[in-house]
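The structure appears below as structure tokens.
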Amino acid sequence: MEFISQPWHWSISGAMIVVVMFLLIYLGEKFGVSSSFRAICSAGGAKKWSYFNYDWKSHDWLLVFVLGSIIGGAIASTLLASPQPVQISDATIQDLAALNIAAPQTLSEGAGFVPQEIFNFQFLTSLPGILMLVLGGFLIGFGTRYAGGCTSGHAISGLSNLQLPSLVAVIGFFIGGLLMTHLLMPLILG
Amino acid sequence: MKLLRFLLVGILFGIVMTKSEAISWFRIQEMFRFQDFHMYGIIGVAVVGGAILHYLIKNGSFKNINKEVVTFADKPKTYMASLIGGTCFGLGWAMTGACPGPLYVLVGHGYWVVLVVIGSALLGTLVYGILKDKLPH
């Protein structure tokens, strides 16, 4: 059990993602999570717009997969919880301290995988909180569906199937991510 | 019964995302600051392993559980959409420290404020669907 509970080496993690991708292909589907947003909007009654006027039940398997991932998260955070905080580099800890974000803590001390300064409802009542969580979420939904995929569909499924549009999308992911991390976030959190 | 299999694969995915620490806002910040190899190692192994998987499946007439020969559809060659949409997603990924898969997994961890992020993502999807024909692809 201890072998599973401790944080996994990146090579094990990467290999396990390939296992998940293989299982989805074997079951007749493919690895790509952001399509679930489209399916939920369609199931929720957005069919008057043509993008959502499709048979969302063809994605019922993905909605069940997503439900499973929530359960998996609950299992991993309880039965398989690591006793250590996330082991990020000292350089990152120092950079984040300049943004008033404390170093990672364990779940019993603080908020575990996420910074407690950001992931709380109190922060949502401030402008930086609305930008980080509400605008951030909006851009994830808008951007992944515009690009036609997210980390799973483009960066992993697409790149490993040698798809040029996926490489362009991943370049976009980094343009946006680097712009936010190095230029915009210091303005939002500073 | 068929859907139960996807539930089990989803549970495995939730555990993998957690134990890999790919769901951690801190790890995504570290990645965009190029301060550790961790996330690059995960994605790199997944892409190289996935490429081998795709190669073996394409060249081996691999049949899925429904006894169908597996084929892979090409991604649409809408490069403007990939670039602009991808950049929008990158901005959001750096802010929330989560891509769509980890967003769901974080809910399972009991970070309830992430439900607001998912709600916003659904709103973003809705707006894309409404504007789709007016946007460059």
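In region A:104-124, which residues are assigned to a loop (DSSP other than H, G, I, E, B), of a type outside the set (S, T, N, Q), open to solvent by 20 Å² or more (accessible area, probe 1.4 Å) and within 9 Å of another protein chain (Cβ to nearest Cβ)? Listed by number, the residues that qualify are A:Leu107, A:Phe113, A:Phe119, A:Phe121. Across region A:26-54, the qualifying residues are those that are without any contact (Cβ under 8 Å) to a residue 40 or more places away in the chain and under 21 Å from the mean Cα position of the chain (by Cα), and the one among them that is nearest to B:Ala46 (Cα to Cα) is A:Glu29. Within region B:20-60, the set of residues being of a type in the set (Gly, Ala, Ser) and under 17 Å from A:Asn161 (Cβ atoms) comprises B:Gly44, B:Ala46, B:Gly49, B:Gly50, B:Ala51, B:Gly60.
If I ask for residues that are outside any helix (DSSP H, G or I), facing chain B (nearest Cβ under 7 Å) and crowded, with 17+ Cβ neighbours inside 10 Å, which ones from region A:14-55 would you list? Even if it seems obvious, please write down each step before you answer.
In the first step, residues of region A:14-55 are kept if they are outside any helix (DSSP H, G or I); the result is A:27-34, A:44-49, A:53-55.
From what's left, facing chain B (nearest Cβ under 7 Å): A:27-28, A:33-34, A:46, A:49.
Passing the criteria: A:Leu27, A:Val33, A:Ser34, A:Ala46.
For region B:81-96, state whether one or more residues are more than 7 Å from chain A (Cβ to nearest Cβ) and either among the hydrophobic types (A, V, I, L, M, F, W, C) or free of Cβ contacts under 8 Å to residues at least 12 places away in the same chain (or both). No - not one qualifying residue is present in region B:81-96. Where helices (runs of 4 or more DSSP H) sit wholly within region B:73-137, those with at least 1 residues that are open to solvent by 40 Å² or more (accessible area, probe 1.4 Å) occupy B:79-96, B:114-131.
Only one residue in A:Leu178, A:Leu164, A:Leu127 is aliphatic (A, V, I, L, M), farther than 30 Å from B:Val45 by Cα and surrounded by fewer than 24 Cβ atoms within 10 Å (Cβ to Cβ), so which one is that? So that I can check it myself, show each step before the final result.
Numbers: A:Leu178 fails: farther than 30 Å from B:Val45 by Cα; A:Leu164 fails: farther than 30 Å from B:Val45 by Cα.
Of the residues listed, the single one that is aliphatic (A, V, I, L, M), farther than 30 Å from B:Val45 by Cα and surrounded by fewer than 24 Cβ atoms within 10 Å (Cβ to Cβ) is A:Leu127.
The values are calculated or read from the model by the stated rules, or taken from the named source; none is laboratory data. Keep in mind that what you see is a predicted model, and the values were worked out from it rather than measured. Cβ sites come from the backbone with ideal geometry, for glycine too, and all protein chains shown count toward neighbours. Heads up: the accessible areas ignore ligands, DNA and RNA and are worked out on the full protein's heavy atoms, side chains in. Shrake-Rupley method; radii C 1.70, N 1.55, O 1.52, S 1.80 Å.
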